[in-house]
Amino acid sequence: MLAWLVAAVVIALGSAGIVGGLDHLPTTGARPELTYAADREIAPGLDAATADLRTLSDQVDALAGQGRGALTALVARDATSLQAAISAGETQISTIAASARALRERLAALPGLDAAAAARFGPATLARYATLAAALPAVDALDDDWARLAAGSVPAIELTEHLAAHDRIAGQAVQQGAAGNYAAAIRTLADAQAELASARKVRDQLATRIDTSTLDTWIDRNATYDTAVGDLWAAVLASPTRVTAKVRAAAQREQTARANLPGDTRALVVILGDVARGGLNQAVIAIEEARGRLLDALAAAAAQAAPGASPALD
């Protein structure tokens, strides 16, 4: 009887132990003791891929800076700096493409990531790999984004150069006219007017994408003044010793046209801002969004690789 009682107690205690063990079974189905070796084996490769992603993120950050520099140069009417930023960005795009290709190849070469990976690796390892792989599409469209930025910059550069050239040449003509060299002033003014005509052609290209009303006003007022001052010089040449009614009328038109000229370059800032909105801003925003996605992926990958995130044996 005593032996039977002892046996019953032993069985009861054993059953309690089994139940206690069942209380601690993982609810996710993960078996870290089964995936530990594979997780340890693939970790260095994931570390290297994370470093590659960090490099890629830095490269996209540099591209974003070049994009912002292009916009700054555009608004400042600095065609030289604008072209330099565009060229630097094109080189950077090639660097980014090479880095993205290398990261894809590294991820593809990691061992064991096949259809049976879910049974071989722990959830943190799989999540980390998925995070790294999902970050790559962020840079796929950067080539097109930068091409759009460059394409938008071409008319902007041309417009800036023509308007700047007009102002410079027209200023020379005015100096010649002030010195009494009216014939030379008229010839020089014709060169300035040619630059304004070229600016109108660029305006026609931009009109399909942006509001050119400010640009139209700028060109029209400068063209009106060029015509008025040219007519005045021609009238003076026709009557060098006497102020005729024609000379007085031409002088009045010149004064009115001069009063309507923009007093500073603020209107040009608005014009170039319109050009930027025609494509440059969108391209820079797209690059910034890609940069943000890469930074988010880096933060997630770091969290997934943190102590306690990877499976480990107790």
- Query: Considering only the stretch 172-204, how many residues are surrounded by 15 or more Cβ atoms within 10 Å (Cβ to Cβ), out of contact with any His (no Cβ under 9 Å at 6 or more places or on another chain) and of a type in the set (S, T, N, Q)?
  - Reply: 4
- Task: Would you confirm whether any residue within the stretch 163-172 is more than 25 Å from S94 (Cα to Cα), among the hydrophobic types (A, V, I, L, M, F, W, C) and at pLDDT 95 or above?
- Result: yes
- Task: Being modelled with pLDDT of 75 or more and charged (D, E, K, R) is the filter; apply it to the stretch 275-306 and report the residue that is nearest to L215 (Cα to Cα).
- Result: E288
- Item | Neighbours by Cβ (under 9 Å, 6+ apart or cross-chain): first from the stretch 55-81, at positive phi; second surrounded by fewer than 23 Cβ atoms within 10 Å (Cβ to Cβ) and among the polar types (S, T, N, Q) | R77/T265
- Message: Return the residues of the stretch 280-302 that are of a type outside the set (A, V, I, L, M) and under 11 Å from T131 (Cα atoms); say none if nothing qualifies.
- Response: R293, D296
- Item | Every pair of residues 6+ apart whose Cβ atoms lie under 7 Å, when the first sits in the stretch 189-217 and is in contact (Cβ under 8 Å) with a residue 60 or more places away in the chain and more than 24 Å from L232 (Cα to Cα) while the second is surrounded by 14 or more Cβ atoms within 10 Å (Cβ to Cβ) and among the aliphatic types (A, V, I, L, M) | L206/V275; I210/V275; T212/L206; T214/A267; T214/V270; T214/I271
- Query: Within the bounds of the stretch 68-85, is there any residue that is closer than 30 Å to L159 by Cα, part of a helix (DSSP H, G or I), modelled with pLDDT of 95 or more and among the hydroxyl-bearing types (S, T, Y)?
  - Reply: no
- Task: Please tell me if S99 is within 15 Å of V60 (Cβ to Cβ) and hydroxyl-bearing (S, T, Y).
- Result: yes
- Item | Residue tally, condition in contact with an Asp or Glu (Cβ under 7 Å, 6 or more places away or on another chain), over 26 Å from R221 (Cβ atoms) and either without any contact (Cβ under 8 Å) to a residue 24 or more places away in the chain or charged (D, E, K, R) (or both), over the stretch 261-291 | 1
- Query: Among the candidates L34, L46, L56, L13, which residue alone is in a helix (DSSP H, G or I) and modelled with pLDDT under 60?
  - Reply: L13
- Message: Could you check the stretch 199-241 and list, in sequence order, the residues that are within 17 Å of A276 (Cα to Cα) and in contact with a Gly (Cβ under 7 Å, 6 or more places away or on another chain)?
- Response: L206, R209, I210
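The values are calculated or read from the model by the stated rules, or taken from the named source; none is laboratory data. The shown structure was predicted, so the numbers you read here are calculated from the model rather than taken from an experiment. Note that we place each Cβ from the backbone using ideal geometry, even for glycine, and neighbour counts take in every protein chain shown.
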